[in-house]
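What follows is a short report on a single structure.
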Amino acid sequence: DAGITQSPRHKVTETGTPVTLRCHQTENHRYMYWYRQDPGHGLRLIHYSYGVKDTDKGEVSDGYSVSRSKTEDFLLTLESATSSQTSVYFCAIRSGQLANYGYTFGSGTRLTVV
Amino acid sequence: GQQLNQSPQSMFIQEGEDVSMNCTSSSIFNTWLWYKQEPGEGPVLLIALYKAGELTSNGRLTAQFGITRKDSFLNISASIPSDVGIYFCAGGETSGSRLTFGEGTQLTVNP
């Protein structure tokens, strides 16, 4: 197995509440990514991390924040969830020297904001 | 940012038929990757291409890295029901910082 797990797998939350999704890896990889997947949009990058405490924004970062206090965990936080953030969220790790060698994805978190 | 145009968006085929899908970009990529996503799971890497003109096979799957470096094709021969899923292309740049993904092709195979 790739050694990447996401939690929770499913979550329903109310508009305006904070939500934190967790990505955990056992591979000691430097790079980690958070994507959201929506019909018609494919996979869109939210934030990524290139080391402990080193993060950067992706193409759809508004309304999201991330933290990486240790190599194995990358947290995605929705400070005040909105219905437009209903989506499936995927975490990925970069297993090679370069992204060119591909990512390994977690199984996803299905988030519903009501 | 860079964009990948993946087509078709969806395909409905009969078991045994061959399938072809492609990705195009206005920018050059140095790597093309193809992923498959099954329901309830994350995408899984199928094929990686690293050289313009390269043709690579993985079982019934064949992918090609376009000579212009702006496109890639994935073919599936003799489709079977377990081929069902969403297929994504992804392009990688020389710097290797991150990948750009296409919007996906939803494949349905009727037995």
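The values are calculated or read from the model by the stated rules, or taken from the named source; none is laboratory data. The structure displayed is predicted, hence computed values, not measured ones. Positions of Cβ are generated from backbone atoms using ideal geometry, with glycine treated the same way; all protein chains shown enter the neighbour counts.
Which of the residues that make up the stretch B:47-56 are farther than 18 Å from A:Ile93 by Cβ, part of a strand (DSSP E or B) and hydrophobic (A, V, I, L, M, F, W, C)? Selection gives B:Ile47, B:Leu49, B:Leu55.
Residues in the stretch A:39-61 that are of a type in the set (Ser, Thr, Tyr) and assigned to a strand (DSSP E or B): A:Tyr48, A:Ser49, A:Tyr50, A:Thr55. Residues of the stretch B:1-30 that are within 13 Å of B:Asp71 (Cβ to Cβ), away from chain A (no Cβ under 12 Å) and not β-branched (Val, Ile, Thr): B:Ser7, B:Ser20, B:Met21, B:Asn22, B:Ser25, B:Ser26, B:Ser27.
Do you know which residues across the stretch A:50-92 are acidic (Asp, Glu) and modelled with pLDDT of 95 or more?
Here is the first cut: in the stretch A:50-92, the residues acidic (Asp, Glu) are A:54, A:56, A:59, A:62, A:72-73, A:79.
A:Asp62, A:Glu72, A:Asp73, listed by residue number.
Within the stretch B:67-82, being away from chain A (no Cβ under 14 Å) and surrounded by fewer than 20 Cβ atoms within 10 Å (Cβ to Cβ) holds for B:Ile67, B:Thr68, B:Lys70, B:Asp71, B:Phe73, B:Asn75, B:Ser77, B:Ala78, B:Ile80, B:Pro81, B:Ser82. Exactly one residue out of A:His47, A:His10 is touching a strand residue (DSSP E or B) at 6+ places or on another chain (Cβ under 7 Å), under 19 Å from A:Thr82 (Cβ atoms), at pLDDT 90 or above and surrounded by fewer than 12 Cβ atoms within 10 Å (Cβ to Cβ): that is A:His10. Counting the residues of the stretch B:31-52 that are among the acidic types (Asp, Glu) and either within 10 Å of chain A (Cβ to nearest Cβ) or closer than 14 Å to B:Cys89 by Cβ (or both) gives 1.
Does B:Glu41 meet the test of being acidic (Asp, Glu), crowded, with 16+ Cβ neighbours inside 10 Å, modelled with pLDDT under 95 and part of a loop (DSSP other than H, G, I, E, B)? So B:Glu41 does not fit the description; no.
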